[in-house]
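One structure is given here, and the rest of the page talks about it.
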Amino acid sequence: MSLPAALFVIFMAFVTATLSGVFGMAGGLVLMGALALVLPVQAAFVTHGLLQLVANGWRAILHRRHVRWDIVGWYALASLLAGLAVAALSFTPSKPLLFLLLGLVPGLTWLPQRWINLDAGRPAQAFLSGLTVTGLNLTAGVAGPLLDIFFVRTELTRHAIVATKAATQVFAHLAKILVYGAPLFAGQGVGFPPAWVFALAIPLSMAGTAVGGAILNRLSDVNFKRWTRWIITAVGISYLIQAAQLML
């Protein structure tokens, strides 16, 4: 890995952790695309999983009094099953397909709310969210907008939404690390960043999470939901353009 690419990864770890600290999902979407620009797909998945595991885990710790642990428990069980299924298929998307999926995922946020009758507060639907969100996370790299659908109709506050989603994503990213990291660490993959990159990126992710939490306290629930939708839509459009360029 070149020095500019390594510094780019470190910088984006902080920026995207800050975004996630505010909006709960935008940062993961941005980080996945950024990593895919400078790393092979398999290495990008594992790097994304490691950095987001830290960012989400730290965010869950910072907001732990707001976490709905019953939702997290059902989600974790489903994540385990989804991880086993994808591992058995041995699927790794090509880079054009990855950017295409990344570009399409934000479209989920524009589904009319009257079409959606999902509530992660219900055990069966918390389990369904873990199954579908982890499955999409393991194929597209991110699944924040899909996860958000399960929280649209909950009675949770913005703090509880961010905290609970962060806790659930610890298991989704852990599944990503295990599924894609096993062959990578066994010498079947290339392009994984050196240890010093993570030594700098991880504390910066934690710092970005704290900064994002401070910004979150200044937002209203209305502005929180409005800004989330528009930010990830803009990012999705840029990924669709990137996918088209790679395919052509």
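In segment 28-131, which helices (runs of 4 or more DSSP H) lie fully inside it and hold 3 or more residues that are under 26 Å from A214 (Cβ atoms) and touching a residue at least 24 places away in the same chain (Cβ under 8 Å)? Can you show your working first?
Numbers: elements: 41-62, 69-89, 95-104.
Qualifying helices (runs of 4 or more DSSP H): 41-62, 69-89.
Scan S220, S205 and give me the residue that is modelled with pLDDT under 80 and among the polar types (S, T, N, Q).
Values: S205 fails: modelled with pLDDT under 80.
Only one candidate qualifies: S220.
What number of residues in segment 92-114 are at pLDDT below 80 and of a type in the set (F, W, Y)?
1
The values are calculated or read from the model by the stated rules, or taken from the named source; none is laboratory data. In this text, all values refer to a predicted model and were calculated from it rather than measured experimentally. Neighbour counts run over all protein chains shown; Cβ positions are idealised from the backbone, glycine included.
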